[in-house]
1. Does region 80-100 include one or more residues that are more than 30 Å from residue 133 (Cβ to Cβ) and of a type in the set (A, V, I, L, M)?
2. Taking region 48-59 as the region of interest, how many residues are in a strand (DSSP E or B) and either farther than 16 Å from residue 16 by Cα or open to solvent by less than 50 Å² (accessible area, probe 1.4 Å) (or both)?
3. Out of 102, 129, I need the residue that is of a type in the set (Asp, Glu), assigned to a helix (DSSP H, G or I) and either over 30 Å from residue 3 (Cβ atoms) or open to solvent by 40 Å² or more (accessible area, probe 1.4 Å) (or both). Which one?
4. So which of 109, 143, 153, 161 is open to solvent by less than 60 Å² (accessible area, probe 1.4 Å) and either within 17 Å of residue 69 (Cα to Cα) or not basic (Lys, Arg) (or both)?
5. Considering every residue within region 27-47, establish whether at least one is without any contact (Cβ under 8 Å) to a residue 24 or more places away in the chain and open to solvent by less than 50 Å² (accessible area, probe 1.4 Å).
6. For residue 19, indicate whether it is free of Cβ contacts under 8 Å to residues at least 24 places away in the same chain and either touching a helix residue (DSSP H, G or I) at 6+ places or on another chain (Cβ under 8 Å) or under 19 Å from residue 72 (Cβ atoms) (or both).
7. Of the conditions (1) open to solvent by 50 Å² or more (accessible area, probe 1.4 Å); (2) within 30 Å of residue 41 (Cα to Cα); (3) assigned to a helix (DSSP H, G or I), residue 79 clears all except one; give me its number.
8. Consider region 60-70. How many of its residues are surrounded by fewer than 16 Cβ atoms within 10 Å (Cβ to Cβ) and touching a His at 6+ places or on another chain (Cβ under 9 Å)?
Amino acid sequence: LKNGLRLKALLGTAAFDVRLRLLDRDVLEAGQRGYAQLHCAQPIALPAGEHVVLRLASPSLTVAGGRILEPVTRRLRRNDDAVLARLHDLHTLAPPALIAAEVQRCGRLGSSVQQLSQLTALSAARIHELLHALPVVTSRSGLVISQTALDYLLANIPSLLAAHAA
């Protein structure tokens, strides 16, 4: 499979036209595994973990399969170590470890219960349960930030405000 190839993606009970973006190589040979992003011709709502079958349009031939790791609309950078490491985490980590890694990765910007729910395909209530075991703070609005990042921000409030006062 070559980068940029147009395919049919079978998701659930529907088929969608997609363009394949290989994220860690230019060509995916038979039997190889790799990370890819599918650019759909129309918006699709999918949960993380949904299975996908990729087929050639003509001749109608199944060429690959996989699982949705992150149902996002933004374009991911190819051959980027941080992107590939995050995709590896999404693929391999159990939900509690994935949530911890994602909150740590987001740093001082924080994540949200909604984003963590989308990444793990778990309910917001289950995300809250898992967050109780982590050194994080969750705001009433659903912002999730690590205790370390919050401590840094609180310690630096005067300098952060002074930078914007001018």
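The values are calculated or read from the model by the stated rules, or taken from the named source; none is laboratory data. Being a predicted model, the structure only gives us computed values, none of them experimental. All Cβ positions, even for glycine, are placed from backbone atoms using ideal geometry, and neighbour counts span all protein chains on display. Side chains included, ligands, DNA and RNA excluded: accessible areas come from the protein's heavy atoms. Shrake-Rupley method; radii C 1.70, N 1.55, O 1.52, S 1.80 Å.
1. There is no residue in region 80-100 that is more than 30 Å from residue 133 (Cβ to Cβ) and of a type in the set (A, V, I, L, M).
2. Going through region 48-59 one residue at a time, the tally reaches 3.
3. Residue meeting the stated conditions: 129.
4. Selected residue: 153, the only one of 109, 143, 153, 161 that is open to solvent by less than 60 Å² (accessible area, probe 1.4 Å) and either within 17 Å of residue 69 (Cα to Cα) or not basic (Lys, Arg) (or both).
5. yes
6. Answer is yes for this residue.
7. Here residue 79 meets the rest and fails (3).
8. Going through region 60-70 one residue at a time, the tally reaches 2.
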